[in-house]
Amino acid sequence: MRDAISRDARLALDLALTVRHDGDGGVADDLVEPSGLAGWVRAHADDLPCAVRYTVDAEILAAVLELRAAVRALFARAVRPGEPSPADARRLIPASEAVRRLNEAAARVPTVPVLDWPEDTAPVLHRRSTTTGGDLTADLAQAAITFLASPERERLRACHAPRCVRYFLKAHPRQEWCKPACGNRARVARHHERHRGAA
């Protein structure tokens with residue numbers, strides 16, 4: 001049974017997944033240009049409450065890239081004692097620096113708790129910005145903090161299939177890879193390794 005993924009987990013994970021395998025043995029970055037970030041924001045408009053109000057320029061892109069480096073460093077910490085994503089293994093910032101970056105970004109826009117309690121349902125707590133403009137970096141940082149402080153963090157894993165650099169949330173106890181294609185690549189690689197060792 002697949003567990004639901006919260007909005008905060010989805011945003012934090014999807015931000016981390018903008019670093020991906022390029023198909024040729026290297027790593028690709030979906031956020032090289034402000035237009036890449038603008039497209040990513042549009043694709044996540046349902047999860048970003050102020051998406052239409054965000055302005056994306058080189059300065060915002062740089063701030064989001066700094067935040068993404070912090071998120072990936074903390075993801076690497078969260079998957080311990082397992083190994084981090086191969087994309088991060090040699091370039092992780094120290095965890096204390098990652099926490100500082102995340103907290104500073106989150107503080108750029110203060111939020112307040114808002115109670116939503118429709119008839120015949122349980123009450124739900126939301127957080128709402130106290131400003132009218134919205135700040136993309138702050139919203140992403142707050143989502144990452146909420147995810148990393150939640151029990152969902154325990155399901156976070158790095159995929160170690162050949163050529164994969166993704167993080168994922170385990171959907172069931174036996175899941176080892178982020179998607180079936182990665183599982184197939186890992187099995188093929190093990191098969192070749194066994195036959196090479198026997199030869």
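The values are calculated or read from the model by the stated rules, or taken from the named source; none is laboratory data. Treat the numbers as computed from the prediction; the structure is a model and nothing was measured. When we count neighbours, we look across all protein chains shown, and the Cβ atoms used for this are built from the backbone with ideal geometry, even at glycine. Remember, those area values only see protein heavy atoms, side chains included, never the ligands or the DNA or RNA. Shrake-Rupley method; radii C 1.70, N 1.55, O 1.52, S 1.80 Å.
Overview of results
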item: Residue list for the stretch 64-90, restricted to those being in contact with a strand residue (DSSP E or B) (Cβ under 8 Å, 6 or more places away or on another chain) and outside any loop (DSSP other than H, G, I, E, B); result: Arg68, Arg72, Phe75, Ala76, Ala78
item: Pair list, Cβ under 8 Å, 6 or more apart: the stretch 9-28 residue free of Cβ contacts under 8 Å to residues at least 24 places away in the same chain, other residue assigned to a loop (DSSP other than H, G, I, E, B) and open to solvent by 20 Å² or more (accessible area, probe 1.4 Å); result: Ala28/Asp22
item: Subset of the stretch 37-60 [under 21 Å from Ala9 (Cα atoms), at pLDDT 90 or above and not in a loop (DSSP other than H, G, I, E, B)]; result: Leu37, Ala38, Gly39, Trp40, Val41, Arg42, Ala43
item: Strands (runs of 3 or more DSSP E) wholly inside the stretch 108-199 containing at least 3 residues that are modelled with pLDDT of 80 or more and open to solvent by less than 80 Å² (accessible area, probe 1.4 Å); result: 111-116, 167-169
item: Residues of the stretch 1-52 satisfying the condition of being of a type in the set (D, E, K, R), surrounded by fewer than 14 Cβ atoms within 10 Å (Cβ to Cβ) and closer than 21 Å to Gly134 by Cβ; result: Arg42, Asp46
item: Complete set of residues in the stretch 53-67 that are under 11 Å from Thr137 (Cα atoms), open to solvent by 20 Å² or more (accessible area, probe 1.4 Å) and in contact (Cβ under 8 Å) with a residue 12 or more places away in the chain; result: Tyr54, Val56, Ile60, Ala63, Leu65, Glu66
item: In the stretch 123-146, the residues that are of a type outside the set (A, V, I, L, M) and under 17 Å from Arg100 (Cα atoms); result: Thr137, Asp139, Gln142, Thr146
item: Selection from the stretch 73-106 of residues that are surrounded by fewer than 12 Cβ atoms within 10 Å (Cβ to Cβ) and over 24 Å from Lys170 (Cα atoms); result: Arg90, Arg91, Pro94, Ser96
